[in-house]
Amino acid sequence: MMQHWIGRRVIVDRMDGHKDPVQGILLKWDDEAQLVVVGAKRIKIPFAQIARIHALPEDAHGRGKRKARSSLHSVGYIMRQPLQFDNAIYFRSAVTIWKGPKLIAYRAVITSHDETFVELENGQKLEKDLYTFVVRSRRGHR
């Protein structure tokens, strides 16, 4: 029914008592199992518990826009702003790279970036919208 939404960033408001909506990429719409799967954590939400699904506004490439601010990740900060990528290059920071829940690179070094791509020290180019780049941090230390 809603197969055309697969791959788009969405917000799912639930009726099951959870106050916070689920936000992420709609990975699967399963009519047979009567559920959707959303986000990197692959949260399964039954149709009966969905109050509303709405898509996030899209950018010029047809993808849902990301929040422009950095946010916490279990191993550091998710890099989203150009200055964060610039600093990682300048300081040769160790960057962890994820594709959904899968770890792609543990201590990668970024050599360059532009609006769309990140280039690693080994020459590999990764699209910013498809991967999560996490810079290690020393949270809680002064």
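Extension gain, Asn122 to Asp13, is 35.1 nm, computed as 0.36 nm per intervening residue step minus the present C-alpha separation.
Computed from the C-beta positions of Gln34 and Leu103, the FRET efficiency with R₀ = 35 Å rounds to 0.65. Ranked by the mean number of other Cβ atoms within 10 Å of their residues, highest first, the peptides 116-127, 34-45 fall in the order 34-45, 116-127. Here Tyr131 sits with roughly 40 square angstrom of accessible surface, probe radius 1.4 Å. The heavy atoms of His4 present about 120 square angstrom of accessible area, all protein chains included, probe 1.4 Å. The share of Cα pairs per 10 Å bin across region 85-124, counted from zero up to the longest distance, runs 31, 58, 12 percent.
The values are calculated or read from the model by the stated rules, or taken from the named source; none is laboratory data. Every value quoted in this text rests on a predicted model; they were computed, and no experiment measured them. Note that we place each Cβ from the backbone using ideal geometry, even for glycine, and neighbour counts take in every protein chain shown. Just the protein is used for accessible areas: all its heavy atoms, side chains included, with ligands, DNA and RNA removed. Shrake-Rupley method; radii C 1.70, N 1.55, O 1.52, S 1.80 Å.
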